[in-house]
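First the structure, in the form of C-alpha cells, and then the observations on it.
The values are calculated or read from the model by the stated rules, or taken from the named source; none is laboratory data. Note that the structure is a prediction, hence the values are computed from the model and not measured. Cβ: placed from backbone, ideal geometry, glycine included. Neighbour counts: every protein chain shown.
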Amino acid sequence: MTPSEANTVTMPWGTIIALASTGIGMALLSSLVGMRQKIEIRLWWSLYAIWVAVVLLTGIAAPFLTILIASVLAGVLHATTQGLLINHYRRNNPWYADQMKGSNAKSAAQFLMMGVIIGTGFGALVGVIAWGIARL
C-alpha cells in the first residue's frame, strides 16, 4: 500500500444514500399529511440521532463527512420531493401560506435553496457531534 492509499477513505455510498433517502420520507409526510414546524424539527432530530447511531455502530471511518454528505443529499431530496408535490404541500400546510406566496416554481426554488442550506448546516453540526463521539 502506498502512502497516498493509506490516507484514502472510501466513502460508504450505500449508507449515505440510505440515510439521505429519509429526506424523501419526510417530504412525503409533510406534503401529503402536513406537519407543523415543531413536529418536523423533532422528527428530523430523531432521524439525525438514528443516523449517528448507524454511522458509529457500523464503524464508518469518516463520520463527519458521511453525515454531512447524507444531510446535504437529504435536503436536496426533501426539497425536490416537496417541489414536485407543491400543490399537496400548500393544501396540507396552510399555516405556511404567508411564506409560500407566489408561483409554484418560485416556491419549489425556495424549497431547494432551503434544503441545501439547512442540509449543510445540520449535516455539519451533527457530523461534528458524530465525529466527537467516535473519538471517545
Of the residues in the stretch 21-37 that are among the aliphatic types (A, V, I, L, M) and assigned to a loop (DSSP other than H, G, I, E, B), the one that is farthest from Y48 (Cα to Cα) is V33
L32 - would you say it is surrounded by fewer than 17 Cβ atoms within 10 Å (Cβ to Cβ), in contact (Cβ under 8 Å) with a residue 40 or more places away in the chain and not aromatic (F, W, Y)? yes
Does at least one position in the stretch 36-47 carry a residue that is farther than 23 Å from L136 by Cα, crowded, with 17+ Cβ neighbours inside 10 Å, more than 14 Å from the chain's Cα centre (by Cα) and free of Cβ contacts under 8 Å to residues at least 40 places away in the same chain? no
Would you check if A97 is over 20 Å from G132 (Cα atoms) and free of Cβ contacts under 8 Å to residues at least 60 places away in the same chain? yes
Can you go through I39, I86 and tell me which one is at pLDDT 95 or above and at negative phi? I39
Touching a residue at least 60 places away in the same chain (Cβ under 8 Å) and under 20 Å from R135 (Cβ atoms): is that true of I67 in this structure? yes
Given the conditions (1) in a helix (DSSP H, G or I); (2) among the small types (G, A, S); (3) over 13 Å from G123 (Cα atoms); (4) at pLDDT 95 or above, and given that S4 satisfies all but one, which numbered condition is not satisfied? (4)
